[in-house]
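A short write-up of the structure that comes next.
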């Protein structure tokens, strides 16, 4: 006879309550814990403080009372897809057959640039998704990622990162969606929809404030006021929960104004659950519960750390069970921690297991391994190529050297990123995240370096390659050969930037923070020497963060920016250089003029702008937010507001016409900005309020219509309530935050209106 909790015909919550009533305290706590089998065999950190906390515990011992989560069964070491599926099924079968209640675990994996496992597609990094300004394509990518994960029995993905960039020196800028909360919210929500549509639980991270650390140092404290926190940091999470349907949230390592997120009930319970209505699970960032004792020092024991986290609202401890096991059980038995808090978290975990089918009597963990498992099929590579192409940003083309002339006879391809396919991969790609700890393995996927891709793209050209210098090390021994090749060539392409890694092994990525925004190592010196040759230089930056390019901008013939474009980055870049691809990416972050120009953001109030007469330092960037050129031209005309005045709870249509006036087909990202010239508190001088990617053939014209609700103009007012207030709003449409082509004034009438969680979060757009 099937027990009530194993019957899928019973209501979900009834099943959960029936199962909860059967559980001992130890079995309940087991559902709040996790195990990371095999991590002890990794020679090097793939998570912070792994060398301190990772344990060798037999799986049967770790799971004797059951298990909430299985940590990274595919993403810890190279494993053949079929072998990995069998191993995961074996662990699930052991849980089902050898524990009293037989409940399988939720298997989770990283999936920021694709399923982080061997032989899986490496898509562009999140910063590149944002540069594409193409949420629909990002949604398709995420669905593809989720489909691969679901195919082999994985249930949850630890993505997307919704941290809004506040300082480009932070190592994890590459994992973010840029510095504008609306762009982050819109693109992140699209990713969530795609992953969830494949049956994978999306996990929003890092909740909240992690990216605003002091000095841009990983895990550093955050000093931020409640208004900035509410208006900049929180909106992407709110949108991804409400509009994307994300079912999990991961806490931030940071403390904000002295309160660690992992022990903040105001954040994880009152805001997230009571105000926003979130019903999913909160999972800890890896070892962040133990960090309450070791790093934040607000608990004397692991049990106390577990109690603080559980009370605040963390439901599951990842990646292993240090605090939520026996240390927490002792406090519950003694009465120091109420068992009701344990039950609260267990209910949330069991609800998700019911939704995933893990509680069903007929659930089987085995998957079909007779059919070949391809984690990098042609359809995924096609998405990777399309996204890479759309994300490449043409910053400058002052001498018109791009696209390369068909009769270009000789090209000097110089730089440490020119012949290294791994230079296209982000920190959380399997080749850069895990394989450095497993020498002897190839990348497991076919990837062309730029040298190989350009040779295939331009077979008649003579291409001479010289590394010039390494990415990071101070080694000038290759300068002379590089300069010689540049002098002899018709054009020089200088490929500089980053190599993603972990905890100092790279120049970008988790734990790879920068002291300033000068190009790493001696790459800047190499660029200077190449510019001095007199040969036209195309400066191609492949990086995880924006670097200060102002010193080169007025001397380079052209400047191109790519943010780790993934496994198809070589052909995509070669296509842009040759002209086969018309560039259409736009900057999701500013590109600074000077190496010390941090922190800075285009979302500055009037005091943060032009400092003439006030300071000797000018924060004006080399290239502004939203900037990106094309090989064709676009004209904007006929701005029209459906009404010149709307109430503070109204909506207005804002339309314009965009025409391709050049000779090539291309896509333009039409950007809607607003400004509040006079408000109760200082407001950003301009702020992205909507956008649309529009493809146009030569001579083609289309109408773009934004439906702007007054809620989108809300901000946190003097009394810390989000308000919409009457007055004039400047409406601007253009090609970047500073290249405004059309503008008008919209008046809001009525009284000051307070808005809450149910406000309109999205600006709808139609292209006709």
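Laboratory data are not the source of any read-out in this text; all were calculated from the coordinates shown. What you are looking at is a predicted structure, and each value in this text was computed from that prediction instead of being measured. Cβ coordinates were reconstructed from backbone atoms using ideal geometry, including for glycine residues, and neighbour counts include every protein chain displayed.
Couple of notes before you dig in:
- Note that the stretch 41-355 shows a convex hull volume over its alpha carbon atoms of 125 Å³ per residue.
- Between residue 265 and residue 681, residue separation times 0.36 nm minus the direct Cα-Cα distance comes to 146.9 nm.
- For the stretch 618-660 versus the stretch 257-329, the gap between their alpha-carbon centres in whole angstrom: 43
- Summed over qualifying helices (DSSP H, 4 residues or more, each -39500 (n - 2.57)) and divided by its residue number, the chain shows a 222 nm mean residue ellipticity of -7500 deg cm²/dmol.
- The stretch 634-767 - Rg (one decimal) and Dmax (whole number), Cα, Å: 15.7, 54
- Here each label is just a point 7 Å from Cα along the line to Cβ, and for residue 355 and residue 604 those points are 4.2 nm apart.
- Shape category assigned to the stretch 97-174 from the gyration tensor of Cα positions, a/c cut at 1.5: prolate
- Mean separation of Cα contacts under 8 Å (6+ apart) over length of the chain, as relative contact order %: 13
- Inter-label distance, nm, simple model (7 Å from Cα along the C-beta direction), residue 614/residue 462: 5.6
- Here the stretch 68-128 has an Rg and Dmax of 13.9, 47 Å, counting Cα atoms alone.
- In this simple spin-label model, placing a label point 7 Å from the Cα along the Cα-to-Cβ direction at both residue 452 and residue 705 gives a separation of 4.9 nm.
- The length gained on full extension between residue 740 and residue 214, counted as 0.36 nm times the residue separation minus their Cα-Cα distance, comes to 186.0 nm.
- Rounded if a/c under 1.5, otherwise prolate or oblate - the stretch 392-608, Cα gyration tensor axes: rounded
- Between residue 150 and residue 752, residue separation times 0.36 nm minus the direct Cα-Cα distance comes to 211.9 nm.
- Taking the stretch 476-502 and a reference point 7 angstrom along Cα→Cβ of residue 399, the backbone N atoms nearer than 13 Å belong to 486-494.
- Share, in percent, of DSSP beta bridges within the chain that are antiparallel, nearest 5: 55
- Label-zone membership for the stretch 753-768, site residue 637, 7 angstrom Cα→C-beta point, backbone N under 17 Å: 768
- For the chain, the calculated P(r), taken from all Cα-Cα distances in 20 Å bins from zero up to the bin holding the longest distance, is 17, 49, 30, 4, 0 percent.
- Shape category assigned to the stretch 186-337 from the gyration tensor of Cα positions, a/c cut at 1.5: oblate
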